[in-house]
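Visitor: Right, I'll just put the structure down here and ask away after.
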Amino acid sequence: MKQNIVKTRLKNSQPVLGILSNSSDPTVAELCGFSGLDFYMIDGEHSPITTAQVQDIVRACELSGITPLARVRSNDPKLILQFLDAGVMGIMMPAISTVAAAEALVQAVMYAPLGTRGFAPVRANEYLLGSMSQGEYVTFANEQLLILPQIEDKEAIDNLDELLTVKGIDGFVIGPRDLAMSMGFYDGPGHDEVKRTIAGVVDKIRKAGLIAGTTAATGDQAKALIDRGVLFCLNSFAGLLKSAAGDFMKGRV
């Protein structure tokens, strides 16, 4: 396992921009790395990506210098373990609404004494053939892994003060579309009430000394969010492609 450059930047209050991708093709991750993005988030929730494919995607990330992260489809410790053992350096977990769920996530990601993650000779620790001893690797991994629950519903908003006290959490990523749906706005997050709610959540996260993250469709949106203290901004693979294609097609007019 290498140093988590994204986590290092975040600890230094530096913003990171990346992509959430539902592609199982490692070439996409490789291209994103060579394009200069900070992180590549494997979408294990809204995609058919299997744990068997994760290793090759992570290899492509490592080759092109982009930090591999993953959104895992459920708060299942054995599933989380498979993503981490493949070399993923951080987990974004959808729909974390309670303290119990947040604590379970930390337990699944971290090795003892901070958690209960199982240990084996796997990719993440160079199959125990590298320069680190088991003890050194366990300590290093616990320091480098990034844990980002997602705030996506009203229950999470109601429990936010308690969620912010869970030890081991690095920050929270707000999912605007699902949050809007939970608030009764089925046409999207563009409503003032949703915007005010998100702004309030960001403020609380920042005051707790944690990382605030959310989606940004354009560079201008990312810049505006960063100016408000949001340090973790992600676009989707489809959104980034659409934006680039739209800009390119202006040349045909």
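The values are calculated or read from the model by the stated rules, or taken from the named source; none is laboratory data. Note that the structure is a prediction, hence the values are computed from the model and not measured. Every residue, glycine among them, receives a Cβ derived from its backbone with ideal geometry; neighbour counts consider all protein chains shown. Heads up: the accessible areas ignore ligands, DNA and RNA and are worked out on the full protein's heavy atoms, side chains in. Shrake-Rupley method; radii C 1.70, N 1.55, O 1.52, S 1.80 Å.
Visitor: Using only C-alpha positions, report the orientation-averaged shadow area of the convex hull of the chain, nm², one decimal.
Guide: Mean orientational projected area (the chain, Cα hull): 14.0 nm².
Visitor: Take each of the peptides 14-27, 81-94, 114-127, 185-198, average the number of other beta-carbon atoms within 10 Å over its residues, and list them starting from the highest.
Guide: 81-94, 14-27, 114-127, 185-198
Visitor: State in Å² the accessible area per residue of segment 179-222; use a 1.4 Å probe, count heavy atoms of protein chains only, and round to the nearest integer.
Guide: Accessible area per residue, segment 179-222: 55 Å².
Visitor: Ignoring solvent entirely, what values of log10 I(q)/I(0) come out of the Debye formula for segment 152-252 at 0.14, 0.19, 0.24 Å⁻¹ when each Cα is a single scatterer?
Guide: -0.58, -0.97, -1.33
Visitor: For K242 and H191, what does the FRET efficiency come to when R0 = 25 Å and r is the distance between their Cβ atoms, rounded to the nearest 0.05?
Guide: Computed FRET efficiency for K242 and H191: 0.65.
Visitor: HN-Hα J couplings of segment 64-76 from phi, Karplus 6.51/-1.76/1.60, θ = phi - 60°, integer Hz, Gly and Pro as x?
Guide: Along segment 64-76, the couplings run 9, x, 10, 6, x, 10, 8, 9, 8, 6, 8, 7, 9 Hz.
Visitor: How fast does segment 1-43 diffuse by Stokes-Einstein, in µm²/s, taking the Kirkwood radius from C-alpha pairs at 10 °C and 1.306 mPa s?
Guide: D = 142 µm²/s.
Visitor: Under a Cβ-Cβ cut-off of 12 Å, what is the net charge of the residues other than L84 that fall near it, where Lys and Arg count +1 and Asp and Glu count -1?
Guide: +2
Visitor: In debye to the nearest 20, how big a dipole does the chain give about its Cα centre with +1 on each Lys and Arg Cβ and -1 on each Asp and Glu Cβ?
Guide: In total the dipole reaches around 460 debye.
Visitor: Identify the trypsin sites (Lys or Arg not before Pro) of segment 1-95 meeting these criteria: DSSP loop state and at most 14 other C-beta atoms within 10 Å of the C-beta.
Guide: Sparse-neighbourhood loop trypsin sites (Lys or Arg not before Pro): K2.
Visitor: Please give, to one decimal in nm, the separation of the simple spin-label points placed at Q14 and R252, each 7 Å out from Cα toward the Cβ.
Guide: Label at Q14, label at R252, 4.0 nm between them.
Visitor: At a 1.4 Å probe, what is the % contribution of carbon and sulfur to the accessible area of the chain?
Guide: Within the chain, the accessible surface is 55 percent carbon and sulfur.
Visitor: State, to one decimal in nm², a quarter of the convex hull surface area for the C-alpha atoms of segment 70-187, i.e. the direction-averaged projected area.
Guide: About 7.1 nm², averaged over all directions.
Visitor: Right, next: How many angstrom lie between the Cα centre of segment 39-85 and the Cα centre of segment 167-242?
Guide: So the two Cα centres are separated by 22 Å.
Visitor: Probe of 1.4 angstrom, ligands and nucleic acids ignored: what's the accessible area per residue over segment 1-103, in square angstrom?
Guide: Working: 4190 Å² over 103 residues.
Heavy-atom SASA per residue in segment 1-103 reads 41 Å².
Visitor: Starting from the coordinates of the alpha-carbon atoms of segment 1-128, obtain the Kirkwood hydrodynamic radius over all distinct pairs and give the value in Å to one decimal.
Guide: Roughly 14.8 Å, rounded to one decimal.
Visitor: Separate question: What does the charge count around S182 come to, taking other residues whose C-beta lies under 13 Å from its C-beta (Lys +1, Arg +1, Asp -1, Glu -1)?
Guide: That sum, taken over residues with Cβ under 13 Å, equals -4.
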